[in-house]
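Chemist: This is the structure I want to talk about, given as C-alpha coordinates.
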Amino acid sequence: MEQRTLFEREDTQPLAARLRPQTLEEYVGQTHLLGEGKVLRRLIESDRISSMIFWGPPGVGKTTLARIIANSTKSEFIDFSAVTSGIKEIRAVMQQAESNRRFGERTIVFVDEIHRFNKAQQDAFLPFVEKGSIILIGATTENPSFEVNGALLSRCKVFVLQGLQTEDLVQLLRRALTDPRGFGEQQVVIQPEMLEAIARFANGDARSALSTLEMVVLNGEVSGQTTTVTQETLEQCTAKKSLLYDKKGEEHYNLISALHKSMRNSDPDAAVYWLARMLEAGEDPLYIARRVTRFASEDVGLADPRALEIAVAAYQACHFIGMPECSVHLTQAVVYLSLVPKSNALYKAYEGAKRDALTQLSEPVPLVIRNGVTKLMKELDYGKGYQYAHDAKDKLTDMQCLPDSLLGREYYRPTDQGQEGKFKTRLEQIKAWKARQEAHKPEE
(Lines give C-alpha, C1' and ligand atoms only; values in the text may rest on other atoms or scores of the structure.)
Protein backbone atom coordinates (compact mmCIF):
# COMPACT_ATOMS: atom_id res chain seq x y z
CA MET A 1 0.00 0.00 0.00
CA GLU A 2 1.25 3.46 -0.88
CA GLN A 3 1.94 5.54 2.24
CA ARG A 4 1.09 9.19 2.52
CA THR A 5 3.63 11.72 3.75
CA LEU A 6 2.95 13.93 6.73
CA PHE A 7 2.52 16.89 4.39
CA GLU A 8 0.09 15.28 1.93
CA ARG A 9 -3.52 16.30 2.41
CA GLU A 10 -6.59 15.11 0.48
CA ASP A 11 -7.90 18.65 0.09
CA THR A 12 -4.81 19.58 -1.91
CA GLN A 13 -6.06 17.40 -4.73
CA PRO A 14 -7.92 19.16 -7.57
CA LEU A 15 -11.67 19.35 -7.13
CA ALA A 16 -12.25 16.99 -10.08
CA ALA A 17 -10.08 14.33 -8.41
CA ARG A 18 -11.79 14.72 -5.02
CA LEU A 19 -15.24 14.41 -6.56
CA ARG A 20 -14.51 11.45 -8.84
CA PRO A 21 -17.63 9.23 -8.58
CA GLN A 22 -17.14 5.93 -6.77
CA THR A 23 -20.41 4.26 -7.81
CA LEU A 24 -22.81 4.21 -10.76
CA GLU A 25 -25.29 6.18 -8.65
CA GLU A 26 -22.84 9.07 -8.41
CA TYR A 27 -21.94 8.92 -12.11
CA VAL A 28 -23.40 11.68 -14.30
CA GLY A 29 -24.25 11.35 -17.99
CA GLN A 30 -23.93 8.51 -20.53
CA THR A 31 -27.50 7.36 -19.87
CA HIS A 32 -27.49 5.65 -23.29
CA LEU A 33 -24.99 3.20 -21.78
CA LEU A 34 -25.63 3.36 -18.04
CA GLY A 35 -29.36 4.02 -17.72
CA GLU A 36 -31.48 1.40 -15.99
CA GLY A 37 -31.44 -1.81 -18.01
CA LYS A 38 -28.74 -0.62 -20.44
CA VAL A 39 -26.14 -3.16 -21.47
CA LEU A 40 -23.03 -1.61 -19.89
CA ARG A 41 -24.78 -1.05 -16.58
CA ARG A 42 -25.91 -4.68 -16.52
CA LEU A 43 -22.38 -5.88 -17.26
CA ILE A 44 -20.91 -3.80 -14.42
CA GLU A 45 -23.60 -4.68 -11.88
CA SER A 46 -23.37 -8.40 -12.64
CA ASP A 47 -19.55 -8.30 -12.72
CA ARG A 48 -19.48 -9.90 -16.18
CA ILE A 49 -17.14 -7.47 -17.88
CA SER A 50 -15.62 -8.46 -21.21
CA SER A 51 -12.80 -6.71 -23.09
CA MET A 52 -13.95 -3.24 -24.15
CA ILE A 53 -12.80 0.19 -25.23
CA PHE A 54 -14.26 3.47 -24.01
CA TRP A 55 -14.04 6.08 -26.78
CA GLY A 56 -14.98 9.69 -26.20
CA PRO A 57 -13.72 13.27 -25.79
CA PRO A 58 -11.77 14.37 -22.69
CA GLY A 59 -13.58 14.75 -19.39
CA VAL A 60 -16.65 12.60 -20.10
CA GLY A 61 -15.93 9.83 -17.57
CA LYS A 62 -13.88 7.13 -19.33
CA THR A 63 -11.34 6.69 -16.52
CA THR A 64 -14.05 7.15 -13.90
CA LEU A 65 -16.02 4.24 -15.39
CA ALA A 66 -12.91 2.09 -15.13
CA ARG A 67 -12.50 3.10 -11.47
CA ILE A 68 -16.13 2.18 -10.78
CA ILE A 69 -15.52 -1.23 -12.35
CA ALA A 70 -12.41 -1.58 -10.17
CA ASN A 71 -14.48 -0.86 -7.05
CA SER A 72 -17.22 -3.32 -7.96
CA THR A 73 -15.38 -6.30 -9.49
CA LYS A 74 -14.18 -9.43 -7.73
CA SER A 75 -11.34 -9.67 -10.25
CA GLU A 76 -7.84 -8.36 -9.76
CA PHE A 77 -7.74 -4.89 -11.28
CA ILE A 78 -4.51 -3.51 -12.75
CA ASP A 79 -4.26 0.15 -13.72
CA PHE A 80 -1.89 0.70 -16.63
CA SER A 81 -0.69 3.92 -18.26
CA ALA A 82 0.12 3.97 -21.95
CA VAL A 83 2.33 7.01 -21.32
CA THR A 84 4.76 5.42 -18.85
CA SER A 85 4.63 1.68 -19.64
CA GLY A 86 6.72 -0.22 -22.16
CA ILE A 87 6.93 -3.79 -23.49
CA LYS A 88 8.83 -4.98 -20.41
CA GLU A 89 6.13 -3.76 -18.01
CA ILE A 90 3.37 -5.18 -20.21
CA ARG A 91 4.94 -8.64 -20.27
CA ALA A 92 5.47 -8.66 -16.51
CA VAL A 93 1.80 -7.85 -15.93
CA MET A 94 0.69 -10.42 -18.49
CA GLN A 95 2.74 -13.16 -16.82
CA GLN A 96 1.13 -12.33 -13.49
CA ALA A 97 -2.31 -12.40 -15.14
CA GLU A 98 -1.57 -15.79 -16.70
CA SER A 99 -0.58 -17.10 -13.27
CA ASN A 100 -3.81 -15.75 -11.80
CA ARG A 101 -5.81 -17.47 -14.54
CA ARG A 102 -4.33 -20.84 -13.65
CA PHE A 103 -5.64 -20.37 -10.13
CA GLY A 104 -9.07 -19.40 -11.44
CA GLU A 105 -8.80 -15.65 -10.84
CA ARG A 106 -9.74 -13.08 -13.47
CA THR A 107 -7.53 -10.08 -14.17
CA ILE A 108 -8.88 -6.82 -15.56
CA VAL A 109 -6.24 -4.56 -17.09
CA PHE A 110 -7.20 -0.93 -17.61
CA VAL A 111 -5.10 0.99 -20.14
CA ASP A 112 -5.63 4.75 -20.12
CA GLU A 113 -4.85 6.53 -23.42
CA ILE A 114 -4.46 3.22 -25.24
CA HIS A 115 -4.02 5.11 -28.52
CA ARG A 116 -0.55 6.13 -27.29
CA PHE A 117 0.64 2.52 -27.46
CA ASN A 118 2.47 1.61 -30.66
CA LYS A 119 1.72 -1.54 -32.66
CA ALA A 120 4.31 -3.67 -30.86
CA GLN A 121 2.96 -2.67 -27.44
CA GLN A 122 -0.62 -3.42 -28.49
CA ASP A 123 0.47 -6.75 -29.98
CA ALA A 124 1.87 -7.72 -26.58
CA PHE A 125 -1.69 -7.75 -25.19
CA LEU A 126 -3.25 -9.72 -28.02
CA PRO A 127 -2.39 -13.36 -27.13
CA PHE A 128 -3.47 -12.83 -23.52
CA VAL A 129 -6.78 -11.28 -24.57
CA GLU A 130 -7.33 -14.15 -27.03
CA LYS A 131 -6.88 -16.93 -24.47
CA GLY A 132 -8.70 -15.10 -21.70
CA SER A 133 -5.75 -14.40 -19.41
CA ILE A 134 -6.91 -10.80 -19.13
CA ILE A 135 -9.97 -8.68 -19.69
CA LEU A 136 -8.74 -5.50 -21.38
CA ILE A 137 -10.40 -2.14 -20.84
CA GLY A 138 -8.94 0.68 -22.90
CA ALA A 139 -9.77 4.38 -22.85
CA THR A 140 -9.08 6.66 -25.80
CA THR A 141 -9.98 10.09 -27.14
CA GLU A 142 -9.03 8.97 -30.66
CA ASN A 143 -11.05 6.90 -33.11
CA PRO A 144 -10.10 3.29 -32.22
CA SER A 145 -10.60 2.29 -35.86
CA PHE A 146 -7.40 4.21 -36.62
CA GLU A 147 -5.47 3.92 -33.37
CA VAL A 148 -6.07 0.33 -32.18
CA ASN A 149 -4.79 -2.73 -34.02
CA GLY A 150 -7.56 -4.45 -35.98
CA ALA A 151 -6.93 -7.83 -34.35
CA LEU A 152 -7.13 -6.34 -30.87
CA LEU A 153 -10.10 -4.10 -31.73
CA SER A 154 -12.09 -7.06 -33.09
CA ARG A 155 -11.89 -8.69 -29.66
CA CYS A 156 -13.18 -5.63 -27.82
CA LYS A 157 -16.62 -4.08 -27.60
CA VAL A 158 -16.40 -0.34 -28.30
CA PHE A 159 -18.59 1.90 -26.14
CA VAL A 160 -18.87 5.50 -27.38
CA LEU A 161 -19.08 8.07 -24.60
CA GLN A 162 -20.59 11.43 -25.45
CA GLY A 163 -19.86 14.95 -24.27
CA LEU A 164 -21.93 15.77 -21.20
CA GLN A 165 -25.04 17.87 -21.64
CA THR A 166 -25.27 21.29 -19.98
CA GLU A 167 -27.84 19.99 -17.49
CA ASP A 168 -25.54 17.09 -16.56
CA LEU A 169 -22.71 19.50 -15.83
CA VAL A 170 -24.96 21.80 -13.80
CA GLN A 171 -25.97 18.79 -11.71
CA LEU A 172 -22.30 17.96 -11.18
CA LEU A 173 -21.48 21.54 -10.16
CA ARG A 174 -24.34 21.65 -7.67
CA ARG A 175 -23.08 18.45 -6.10
CA ALA A 176 -19.61 19.96 -5.81
CA LEU A 177 -21.08 22.83 -3.78
CA THR A 178 -22.82 20.50 -1.30
CA ASP A 179 -20.55 17.45 -1.14
CA PRO A 180 -18.05 17.47 1.77
CA ARG A 181 -15.39 16.29 -0.69
CA GLY A 182 -15.96 19.53 -2.56
CA PHE A 183 -17.16 22.82 -1.06
CA GLY A 184 -19.88 21.30 1.13
CA GLU A 185 -18.23 22.47 4.34
CA GLN A 186 -17.93 26.05 3.06
CA GLN A 187 -20.56 28.69 2.50
CA VAL A 188 -20.33 29.47 -1.22
CA VAL A 189 -22.76 31.92 -2.81
CA ILE A 190 -23.01 31.58 -6.59
CA GLN A 191 -26.01 32.34 -8.78
CA PRO A 192 -27.69 29.49 -10.75
CA GLU A 193 -27.08 31.28 -14.04
CA MET A 194 -23.36 31.34 -13.25
CA LEU A 195 -23.35 27.56 -12.83
CA GLU A 196 -25.05 27.26 -16.19
CA ALA A 197 -22.47 29.61 -17.75
CA ILE A 198 -19.65 27.44 -16.36
CA ALA A 199 -21.36 24.34 -17.74
CA ARG A 200 -21.66 25.88 -21.21
CA PHE A 201 -18.06 27.08 -21.06
CA ALA A 202 -16.88 23.51 -20.27
CA ASN A 203 -18.41 22.25 -23.53
CA GLY A 204 -19.24 18.73 -22.34
CA ASP A 205 -16.07 18.27 -20.25
CA ALA A 206 -16.72 17.49 -16.56
CA ARG A 207 -13.08 18.00 -15.60
CA SER A 208 -13.08 21.44 -17.19
CA ALA A 209 -16.36 22.38 -15.48
CA LEU A 210 -15.10 21.39 -12.02
CA SER A 211 -11.73 23.08 -12.57
CA THR A 212 -13.47 26.30 -13.57
CA LEU A 213 -15.76 26.14 -10.54
CA GLU A 214 -12.75 25.60 -8.28
CA MET A 215 -11.01 28.60 -9.83
CA VAL A 216 -13.97 30.97 -9.41
CA VAL A 217 -14.56 29.88 -5.80
CA LEU A 218 -10.88 30.24 -4.86
CA ASN A 219 -10.94 33.73 -6.40
CA GLY A 220 -14.29 34.69 -4.88
CA GLU A 221 -14.87 37.53 -2.41
CA VAL A 222 -14.51 36.30 1.17
CA SER A 223 -16.53 37.88 3.95
CA GLY A 224 -16.32 36.05 7.25
CA GLN A 225 -17.26 32.40 6.57
CA THR A 226 -18.92 33.17 3.22
CA THR A 227 -17.34 33.15 -0.26
CA THR A 228 -19.29 35.02 -2.94
CA VAL A 229 -18.63 34.48 -6.63
CA THR A 230 -19.24 37.66 -8.62
CA GLN A 231 -19.93 38.05 -12.31
CA GLU A 232 -16.60 39.86 -12.68
CA THR A 233 -14.72 36.89 -11.18
CA LEU A 234 -16.53 34.48 -13.48
CA GLU A 235 -15.73 36.57 -16.56
CA GLN A 236 -12.07 36.84 -15.62
CA CYS A 237 -11.74 33.08 -15.11
CA THR A 238 -13.39 32.29 -18.43
CA ALA A 239 -12.17 35.27 -20.46
CA LYS A 240 -9.72 33.54 -22.80
CA LYS A 241 -11.99 30.82 -24.06
CA SER A 242 -14.97 33.15 -24.24
CA LEU A 243 -12.99 35.55 -26.43
CA LEU A 244 -12.09 32.79 -28.88
CA TYR A 245 -14.99 30.43 -28.84
CA ASP A 246 -18.03 32.15 -27.41
CA LYS A 247 -17.46 35.83 -28.14
CA LYS A 248 -21.11 36.56 -28.91
CA GLY A 249 -22.65 33.88 -26.72
CA GLU A 250 -22.95 31.15 -29.35
CA GLU A 251 -22.56 27.66 -28.00
CA HIS A 252 -20.56 24.83 -29.52
CA TYR A 253 -23.47 23.43 -31.52
CA ASN A 254 -24.50 26.86 -32.73
CA LEU A 255 -21.10 27.32 -34.35
CA ILE A 256 -21.15 24.00 -36.18
CA SER A 257 -24.71 24.81 -37.23
CA ALA A 258 -23.49 28.17 -38.59
CA LEU A 259 -20.80 26.40 -40.62
CA HIS A 260 -23.24 23.82 -41.98
CA LYS A 261 -25.87 26.38 -42.95
CA SER A 262 -23.35 28.74 -44.53
CA MET A 263 -22.14 25.92 -46.80
CA ARG A 264 -25.75 25.00 -47.59
CA ASN A 265 -26.40 28.60 -48.55
CA SER A 266 -23.34 28.55 -50.89
CA ASP A 267 -21.55 31.25 -48.89
CA PRO A 268 -17.85 30.30 -48.77
CA ASP A 269 -16.78 33.46 -46.93
CA ALA A 270 -19.15 32.85 -44.04
CA ALA A 271 -18.29 29.16 -44.01
CA VAL A 272 -14.54 29.83 -43.74
CA TYR A 273 -15.16 32.39 -40.98
CA TRP A 274 -17.12 29.90 -38.85
CA LEU A 275 -14.50 27.26 -39.57
CA ALA A 276 -11.77 29.59 -38.30
CA ARG A 277 -13.81 30.50 -35.21
CA MET A 278 -13.96 26.83 -34.22
CA LEU A 279 -10.40 25.84 -35.09
CA GLU A 280 -8.75 28.84 -33.42
CA ALA A 281 -10.76 28.12 -30.27
CA GLY A 282 -9.22 24.69 -30.07
CA GLU A 283 -12.03 22.62 -31.58
CA ASP A 284 -11.02 19.11 -32.64
CA PRO A 285 -10.47 19.29 -36.43
CA LEU A 286 -11.63 15.68 -36.75
CA TYR A 287 -15.00 16.65 -35.28
CA ILE A 288 -15.40 19.36 -37.91
CA ALA A 289 -14.23 16.99 -40.64
CA ARG A 290 -16.87 14.43 -39.61
CA ARG A 291 -19.60 17.07 -39.84
CA VAL A 292 -18.30 18.21 -43.25
CA THR A 293 -18.43 14.59 -44.43
CA ARG A 294 -22.06 14.35 -43.34
CA PHE A 295 -22.81 17.56 -45.25
CA ALA A 296 -21.29 16.11 -48.43
CA SER A 297 -24.04 13.50 -48.67
CA GLU A 298 -26.88 15.26 -46.87
CA ASP A 299 -26.73 18.55 -48.78
CA VAL A 300 -24.78 17.76 -51.98
CA GLY A 301 -25.19 14.07 -52.65
CA LEU A 302 -25.30 13.07 -56.32
CA ALA A 303 -25.38 16.68 -57.47
CA ASP A 304 -21.59 16.26 -57.19
CA PRO A 305 -20.49 12.70 -56.28
CA ARG A 306 -16.92 13.97 -55.74
CA ALA A 307 -18.05 15.99 -52.72
CA LEU A 308 -17.93 12.94 -50.46
CA GLU A 309 -14.49 11.98 -51.77
CA ILE A 310 -13.11 15.44 -50.99
CA ALA A 311 -14.70 15.48 -47.52
CA VAL A 312 -13.25 12.06 -46.65
CA ALA A 313 -9.85 13.12 -48.01
CA ALA A 314 -9.96 16.20 -45.77
CA TYR A 315 -10.75 14.00 -42.76
CA GLN A 316 -7.79 11.75 -43.57
CA ALA A 317 -5.51 14.76 -43.99
CA CYS A 318 -6.59 16.09 -40.57
CA HIS A 319 -5.90 12.69 -39.07
CA PHE A 320 -2.44 12.51 -40.67
CA ILE A 321 -1.04 15.92 -39.75
CA GLY A 322 -3.36 17.61 -37.24
CA MET A 323 -3.51 21.31 -36.40
CA PRO A 324 -2.45 23.87 -37.39
CA GLU A 325 -1.40 22.44 -40.76
CA CYS A 326 -4.71 20.70 -41.50
CA SER A 327 -6.63 23.99 -41.38
CA VAL A 328 -5.98 24.50 -45.11
CA HIS A 329 -7.36 21.03 -45.93
CA LEU A 330 -10.59 21.78 -44.10
CA THR A 331 -10.75 25.16 -45.83
CA GLN A 332 -10.44 23.44 -49.22
CA ALA A 333 -13.29 21.06 -48.40
CA VAL A 334 -15.51 23.78 -46.93
CA VAL A 335 -15.06 26.13 -49.91
CA TYR A 336 -15.61 23.30 -52.41
CA LEU A 337 -18.80 22.19 -50.67
CA SER A 338 -20.02 25.77 -50.50
CA LEU A 339 -19.67 26.26 -54.25
CA VAL A 340 -20.92 22.96 -55.72
CA PRO A 341 -24.58 22.39 -56.71
CA LYS A 342 -26.76 21.27 -53.82
CA SER A 343 -29.28 18.45 -53.46
CA ASN A 344 -30.90 16.89 -50.39
CA ALA A 345 -32.57 14.14 -52.44
CA LEU A 346 -30.54 11.38 -50.77
CA TYR A 347 -31.40 12.68 -47.30
CA LYS A 348 -35.10 12.87 -48.16
CA ALA A 349 -34.99 9.41 -49.77
CA TYR A 350 -33.66 7.80 -46.61
CA GLU A 351 -36.00 9.70 -44.28
CA GLY A 352 -39.00 8.56 -46.36
CA ALA A 353 -37.81 4.97 -46.43
CA LYS A 354 -37.08 5.10 -42.69
CA ARG A 355 -40.64 6.17 -41.89
CA ASP A 356 -42.03 3.21 -43.84
CA ALA A 357 -39.44 0.83 -42.38
CA LEU A 358 -40.38 1.81 -38.83
CA THR A 359 -44.13 1.59 -39.39
CA GLN A 360 -44.10 -1.56 -41.53
CA LEU A 361 -41.46 -3.69 -39.83
CA SER A 362 -43.21 -6.98 -40.55
CA GLU A 363 -43.36 -6.63 -44.34
CA PRO A 364 -41.98 -9.89 -45.79
CA VAL A 365 -39.24 -9.91 -48.40
CA PRO A 366 -40.80 -10.95 -51.74
CA LEU A 367 -40.08 -14.63 -52.43
CA VAL A 368 -38.54 -13.82 -55.80
CA ILE A 369 -35.58 -11.98 -54.23
CA ARG A 370 -35.06 -14.28 -51.26
CA ASN A 371 -31.95 -16.45 -51.22
CA GLY A 372 -32.92 -20.12 -51.48
CA VAL A 373 -29.75 -21.64 -50.04
CA THR A 374 -31.28 -24.86 -48.66
CA LYS A 375 -33.53 -27.55 -50.12
CA LEU A 376 -36.40 -26.54 -47.82
CA MET A 377 -36.12 -22.91 -48.88
CA LYS A 378 -36.25 -23.89 -52.54
CA GLU A 379 -39.32 -26.05 -51.87
CA LEU A 380 -40.91 -22.97 -50.31
CA ASP A 381 -40.25 -21.04 -53.58
CA TYR A 382 -37.41 -18.91 -52.20
CA GLY A 383 -35.82 -17.25 -55.24
CA LYS A 384 -38.35 -18.77 -57.69
CA GLY A 385 -38.60 -16.61 -60.79
CA TYR A 386 -35.55 -14.51 -59.93
CA GLN A 387 -34.27 -12.56 -62.94
CA TYR A 388 -30.53 -11.84 -63.17
CA ALA A 389 -30.34 -8.33 -64.60
CA HIS A 390 -26.90 -8.86 -66.17
CA ASP A 391 -28.36 -11.56 -68.44
CA ALA A 392 -31.01 -9.19 -69.81
CA LYS A 393 -30.44 -7.23 -73.02
CA ASP A 394 -31.06 -3.86 -71.38
CA LYS A 395 -29.61 -4.93 -68.01
CA LEU A 396 -33.11 -4.38 -66.62
CA THR A 397 -35.96 -6.65 -65.52
CA ASP A 398 -39.53 -6.06 -64.40
CA MET A 399 -39.00 -8.10 -61.23
CA GLN A 400 -40.79 -6.77 -58.12
CA CYS A 401 -38.37 -5.88 -55.31
CA LEU A 402 -40.63 -3.94 -52.89
CA PRO A 403 -43.22 -5.61 -50.64
CA ASP A 404 -46.75 -5.65 -52.05
CA SER A 405 -47.95 -2.98 -49.63
CA LEU A 406 -45.24 -0.56 -50.79
CA LEU A 407 -45.48 -1.25 -54.51
CA GLY A 408 -45.06 1.97 -56.45
CA ARG A 409 -43.56 3.89 -53.53
CA GLU A 410 -40.90 6.43 -54.59
CA TYR A 411 -38.24 7.54 -52.13
CA TYR A 412 -35.46 8.92 -54.29
CA ARG A 413 -36.57 11.92 -56.31
CA PRO A 414 -33.49 13.38 -58.01
CA THR A 415 -33.16 17.08 -58.70
CA ASP A 416 -31.77 18.81 -61.79
CA GLN A 417 -28.80 20.15 -59.86
CA GLY A 418 -25.31 19.43 -61.20
CA GLN A 419 -24.49 15.81 -61.93
CA GLU A 420 -27.78 14.68 -60.39
CA GLY A 421 -29.52 15.78 -63.56
CA LYS A 422 -27.85 12.83 -65.31
CA PHE A 423 -29.07 10.45 -62.62
CA LYS A 424 -32.56 11.91 -62.98
CA THR A 425 -32.52 11.25 -66.74
CA ARG A 426 -31.32 7.69 -66.17
CA LEU A 427 -34.00 7.02 -63.54
CA GLU A 428 -36.69 8.36 -65.86
CA GLN A 429 -35.45 5.99 -68.60
CA ILE A 430 -35.58 3.04 -66.20
CA LYS A 431 -39.11 3.88 -65.08
CA ALA A 432 -40.27 4.35 -68.69
CA TRP A 433 -38.82 0.95 -69.63
CA LYS A 434 -40.61 -0.74 -66.70
CA ALA A 435 -43.86 1.01 -67.58
CA ARG A 436 -43.63 -0.37 -71.15
CA GLN A 437 -43.05 -3.87 -69.81
CA GLU A 438 -46.04 -3.54 -67.53
CA ALA A 439 -48.22 -2.32 -70.40
CA HIS A 440 -47.32 -5.36 -72.53
CA LYS A 441 -48.01 -7.92 -69.84
CA PRO A 442 -50.88 -10.24 -70.74
CA GLU A 443 -53.97 -9.71 -68.60
CA GLU A 444 -54.59 -12.43 -66.03
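The values are calculated or read from the model by the stated rules, or taken from the named source; none is laboratory data. What you see is a predicted model; the values in this text were computed from it and never measured. Don't worry about glycine lacking a Cβ; one is built from the backbone with ideal geometry, like all the others, and counts go over all protein chains shown. We work out accessible area using only protein heavy atoms, side chains counted, and drop any ligands, DNA or RNA first. Shrake-Rupley method; radii C 1.70, N 1.55, O 1.52, S 1.80 Å.
Chemist: Consider only pairs whose beta carbons are under 7 Å apart and that are at least six residues apart or on different chains; among these, list those whose first residue lies in the stretch 143-164 and is under 23 Å from residue 320 (Cα atoms) and whose second residue is part of a loop (DSSP other than H, G, I, E, B).
Modeler: Filtered contacts from the stretch 143-164: 160/56.
Chemist: Next question, about the same structure. Yes or no: the stretch 355-378 includes at least one residue that is in contact (Cβ under 8 Å) with a residue 40 or more places away in the chain, surrounded by 12 or more Cβ atoms within 10 Å (Cβ to Cβ) and not β-branched (Val, Ile, Thr).
Modeler: yes
Chemist: Failed condition for residue 199, given (1) in contact (Cβ under 8 Å) with a residue 24 or more places away in the chain; (2) out of contact with any Leu (no Cβ under 8 Å at 6 or more places or on another chain); (3) among the hydrophobic types (A, V, I, L, M, F, W, C), with all others met?
Modeler: The one condition residue 199 does not meet is (2).
Chemist: Further question: Here are some conditions: (1) of a type in the set (A, V, I, L, M, F, W, C); (2) part of a helix (DSSP H, G or I); (3) in contact with a Lys or Arg (Cβ under 7 Å, 6 or more places away or on another chain). Residue 17 meets all but one. Which one does it not meet?
Modeler: Every condition holds for residue 17 apart from (3).
Chemist: Moving to a separate point now. Looking only at the stretch 350-373, which residues are part of a helix (DSSP H, G or I) and touching a helix residue (DSSP H, G or I) at 6+ places or on another chain (Cβ under 9 Å)?
Modeler: Within the stretch 350-373, just 356 meets the criteria.
Chemist: Related question: If I ask for residues that are open to solvent by less than 40 Å² (accessible area, probe 1.4 Å) and within 9 Å of residue 300 (Cβ to Cβ), which ones from the stretch 328-341 would you list?
Modeler: Residues satisfying the conditions are 337, 340.
Chemist: Taking into account only those residues within the stretch 405-429 that are touching a residue at least 24 places away in the same chain (Cβ under 8 Å) and assigned to a helix (DSSP H, G or I), which is nearest to residue 298 (Cα to Cα)?
Modeler: The extreme case among them is 420.
Chemist: Quick one: in the stretch 126-136, of everything that is part of a loop (DSSP other than H, G, I, E, B) and either touching a Cys at 6+ places or on another chain (Cβ under 6 Å) or of a type outside the set (A, V, I, L, M, F, W, C) (or both), which residue is farthest from residue 197 (Cα to Cα)?
Modeler: The qualifying residue farthest from residue 197 (Cα to Cα) is 131.
Chemist: Quick check on the stretch 281-327: of everything there that is open to solvent by 60 Å² or more (accessible area, probe 1.4 Å) and acidic (Asp, Glu), which residue is nearest to residue 337 (Cα to Cα)?
Modeler: Among residues in the stretch 281-327 that are open to solvent by 60 Å² or more (accessible area, probe 1.4 Å) and acidic (Asp, Glu), the one nearest to residue 337 (Cα to Cα) is 309.
Chemist: Is it the case that some residue within the stretch 390-409 is closer than 24 Å to residue 294 by Cβ and modelled with pLDDT under 90?
Modeler: no
Chemist: Where residues in the stretch 170-191 are among the charged types (D, E, K, R) and under 11 Å from residue 19 (Cβ atoms), which of them is surrounded by the fewest Cβ atoms within 10 Å (Cβ to Cβ)?
Modeler: Going through the qualifying residues, I end up with 179.
Chemist: Another question, then. Which one of these does residue 85 not meet: (1) surrounded by fewer than 19 Cβ atoms within 10 Å (Cβ to Cβ); (2) modelled with pLDDT of 85 or more; (3) within 21 Å of residue 152 (Cα to Cα)?
Modeler: Every listed condition holds for residue 85 apart from (2).
Chemist: Is there a residue in the stretch 261-268 that is part of a helix (DSSP H, G or I), modelled with pLDDT of 90 or more and within 22 Å of residue 320 (Cβ to Cβ)?
Modeler: No.
Chemist: Same structure again: State which residue pairs qualify: first residue touching a residue at least 60 places away in the same chain (Cβ under 8 Å) and inside the stretch 100-117, second residue assigned to a loop (DSSP other than H, G, I, E, B) in any location, beta carbons under 8 Å apart, and separation of 6 or more residues or different chains.
Modeler: Within 8 Å, the pairs are 114/82; 114/148.
Chemist: Right, here's the next one. Could you please give the count of residues in the stretch 96-121 that are surrounded by fewer than 20 Cβ atoms within 10 Å (Cβ to Cβ) and either of a type in the set (S, T, N, Q) or more than 23 Å from residue 144 (Cα to Cα) (or both)?
Modeler: Number of matching residues: 12.
Chemist: Could you check the stretch 268-280 and list, in sequence order, the residues that are farther than 26 Å from residue 163 by Cα and open to solvent by 60 Å² or more (accessible area, probe 1.4 Å)?
Modeler: 269
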